[in-house]
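Working notes, structure below.
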Amino acid sequence: MATRARVRAPELIGEGGWLNTGGKELTLADLRGSIVILDFWTFCCVNCLHVLDELRELEEKHRDTVVIVGVHSPKFVHEADHRAVVDAVERYGVHHPVLDDPALATWKQYAVRAWPTLTVIDPEGYVVAQHSGEGHAHALETLISALETEHAAKGTLRRGDGPYVPPEPVATDLRFPGKAVRLPSGGFLVSDTTRHQLVELEPDAETVVRRIGGSGTFNEPQGLALLPDGRVIVADTVNHSLRTYDPATGDVETVAGTGRQWWQGSPTAGPAREVDLSSPWDVAWWGGKVWIAMAGVHQLWTYDPASGTVEVAAGTTNEGLVDGPAAEAWFAQPSGLAATEDRLWVADSETSALRYVDRDLTVHTAVGTGLFDFGHRDGAAGQALLQHPLGVTALPDGSVAVSDTYNHALRRYDPATGEVTTLATDLREPSDAVLDGEEIVVVESARHRLTRLRLPEEAVQVDAAAHRTQRPATDVAPGTLRLDVVFHAPAGQKLDERYGPSTRLLVSSTPPGLLAQGAGKGTDLSRELVLDGGIAEGVLHVSAMAASCDDDPANEYPACHVHQQDWGVPVRITEGGDTRLALVLAGLDA
């Protein structure tokens, strides 16, 4: 990396205050002498959850020299609610200090443009690296080791316990349950996500019959679906696997996934136990196969129990809202599935959308407009709004109930009328719902319970609210804009071109007319874009990937590492605006 001026790390500020510190307000001065990793995250983002998992090993291995600080930087309105951040920190097992930054003050100070972003500060308080996206654990390990050696020699490294103070545990029968399914016995099986279990309940949806598994078996399980043979298939999300549970025998069996997370370039079809998966979030039986909401790669996959194989069924791995033939459609963190005779309904959480796949394997959007617009608005589907729904449930009359998670509501969409209504409010982060006769049982994830409701005959009246993701827009000049995705191969690695280009860049925009030239795919991480000066503002969508391999000539089979990130960059066309847009994938902008 080229020599550059050292940049002093800005102070950490956030109106929401600090979590996991025992009530102490931390400053960078308190952390001086430690290697600090700032993790800019938001709890809706599955890529952020992947990075939390990537950081756990580093956190444990370097616990006396490294302090990880989560900077919670919300995308959705609900994520700016402090109580919701407190819940998320417990839900996802975050065992380091977290700064709640609802107004994105620290985000702006560090010029962050994407979730997740990692910024490394050395023991003297200078920014030494920034990485966006996933796949940087190996690079961070190398950097941390080098910083430990350098600052130990200088006498500026301070070893010792970090500032993390765990919160007091809370006793409840369920803890952040994810999904539920009604068993033939009349009881319910619930994925008790934070405790890494399945819990069987009596038909009253309250009394615990038995607990299945634990952290040695499951890891944050989510979706459940009943198979024709009576077993339940489980989306074992953080284990990147599908498992079956037999209520008759209690047996748990892995049927798909290797336990490793899928990365670009990995197989997308084959024997189910030999193909990597990525954060399967829900499952449904449709058309003689198990359909999988593969939230981690923005796709739908299928698992065929008869042949023991998995394959991609819909989606390109690009994140967004694009309808059409399944192989060309874009999803954004699909998180809920429900099957009817002629449709597979999809709760597409990051686009706040309700979508479906028809029998011709064409993808359609019923409600929702894209990644940045959301709210709580009933009425005609074309103008109705949801906020990060995680579940969808087919109703007997052909309509569907949507677990509208961040609106704390149960909504209804009727295909016959094209209308969206509200069935119930005052729920706490509903993530799924199950029919039980004339009632519906809702998984209230943040109330740690199942709640039984009577399906109302009339809709609930709700004041309409519409929101757009609030991030500062970048002023850019009309005409030519130079896009540079900055990627410096980490120390000890190099781009491996032995088998062709090891980088990829995909660019598009909302509205599409914003880009007069420069949209599409390529392998160069720099590109000249031409903006339409007649459009005042929009969003540039940039997806980049780079693969680097260990630079050791003596190693015939070097380990390779994939770095990838999607950006949505709000831009405002302004005379005198910037003519270059730099997005850091790894390293620091020169």
When SER548 is run through (1) over 19 Å from GLY135 (Cα atoms); (2) surrounded by 15 or more Cβ atoms within 10 Å (Cβ to Cβ), the failure sits at (1)
State yes or no: is ASP532 surrounded by 15 or more Cβ atoms within 10 Å (Cβ to Cβ), among the acidic types (Asp, Glu), under 27 Å from the mean Cα position of the chain (by Cα) and not assigned by TED's automatic domain parsing to the domain that holds TRP41? no
The condition from (1) more than 17 Å from THR393 (Cα to Cα); (2) surrounded by fewer than 17 Cβ atoms within 10 Å (Cβ to Cβ); (3) without any contact (Cβ under 8 Å) to a residue 60 or more places away in the chain; (4) small (Gly, Ala, Ser) that SER502 misses is numbered (2)
Would you confirm whether or not the range 32-52 contains a residue that is out of contact with any His (no Cβ under 9 Å at 6 or more places or on another chain), touching a residue at least 60 places away in the same chain (Cβ under 8 Å) and acidic (Asp, Glu)?
no
Worksheet item: Yes or no: ARG159 in the same structural domain as VAL209 (by TED's automatic domain parsing), touching a residue at least 24 places away in the same chain (Cβ under 8 Å) and on the phi < 0 side of the Ramachandran plot?
Response: no
Picking from ASP432, ASP436, the residue that is surrounded by fewer than 18 Cβ atoms within 10 Å (Cβ to Cβ), touching a residue at least 40 places away in the same chain (Cβ under 8 Å) and out of contact with any Phe, Trp or Tyr (no Cβ under 7 Å at 6 or more places or on another chain) would be ASP436
Listed by range, strands (runs of 3 or more DSSP E) wholly within the range 233-342 having at least 1 residues that are in contact with a Lys or Arg (Cβ under 9 Å, 6 or more places away or on another chain) and crowded, with 18+ Cβ neighbours inside 10 Å are 241-245, 252-256, 280-286, 299-304, 309-314, 334-339
(1) in contact with a strand residue (DSSP E or B) (Cβ under 6 Å, 6 or more places away or on another chain); (2) part of a strand (DSSP E or B) all hold for LEU435 apart from (1)
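Limited to the range 247-257, what total is found for residues that are free of Cβ contacts under 8 Å to residues at least 60 places away in the same chain and over 14 Å from TYR303 (Cα atoms)?
At the first step, the residues of the range 247-257 found to be free of Cβ contacts under 8 Å to residues at least 60 places away in the same chain are 248-257.
The next check asks that each one be over 14 Å from TYR303 (Cα atoms); those that pass are 248-253.
Final tally of qualifying residues: 6.
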When HIS136 is run through (1) out of contact with any Gly (no Cβ under 6 Å at 6 or more places or on another chain); (2) at pLDDT 95 or above; (3) not β-branched (Val, Ile, Thr), the failure sits at (2)
Filter the range 190-213 for residues that are touching a residue at least 40 places away in the same chain (Cβ under 8 Å) and under 25 Å from the mean Cα position of the chain (by Cα); the one that is nearest to GLY93 (Cα to Cα) is THR194
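Here is a yes/no grid of residues against (1) without any contact (Cβ under 8 Å) to a residue 60 or more places away in the chain; (2) in a strand (DSSP E or B); (3) crowded, with 24+ Cβ neighbours inside 10 Å:
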site: GLY370; (1), (2), (3): no, no, no
site: HIS388; (1), (2), (3): no, no, yes
site: ARG412; (1), (2), (3): yes, yes, no
site: THR421; (1), (2), (3): yes, yes, no
Residue hits (the range 84-114; surrounded by fewer than 18 Cβ atoms within 10 Å (Cβ to Cβ), within 20 Å of GLU54 (Cα to Cα) and of a type in the set (A, V, I, L, M)) are none
Condition (residue is buried (at least 24 other Cβ atoms within 10 Å of the Cβ) and out of contact with any Ser or Thr (no Cβ under 6 Å at 6 or more places or on another chain)) applied to the range 209-217: is it met by at least one residue? no
Scanning the range 213-243 residue by residue, those hydrophobic (A, V, I, L, M, F, W, C) and within 16 Å of THR194 (Cα to Cα) turn out to be PHE218, LEU224, VAL234, ALA235, VAL238
Contact list, first residue from the range 317-337 and in the same structural domain as VAL542 (by TED's automatic domain parsing) and without any contact (Cβ under 8 Å) to a residue 24 or more places away in the chain, second anywhere and buried (at least 21 other Cβ atoms within 10 Å of the Cβ) and among the aromatic types (Phe, Trp, Tyr), beta-carbon distance below 9 Å, six or more apart or interchain, is none
Any residue at all in the range 220-232 that is on the phi > 0 side of the Ramachandran plot and touching a Leu at 6+ places or on another chain (Cβ under 6 Å)? no
Inside the range 439-482, the number of residues satisfying the requirement of being farther than 30 Å from LEU525 by Cβ and not β-branched (Val, Ile, Thr) is 22
The correct count of residues that are more than 26 Å from the chain's Cα centre (by Cα) and either buried (at least 22 other Cβ atoms within 10 Å of the Cβ) or among the hydrophobic types (A, V, I, L, M, F, W, C) (or both) in the range 442-463 is 5
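The values are calculated or read from the model by the stated rules, or taken from the named source; none is laboratory data. Treat the numbers as computed from the prediction; the structure is a model and nothing was measured. Cβ sites come from the backbone with ideal geometry, for glycine too, and all protein chains shown count toward neighbours.
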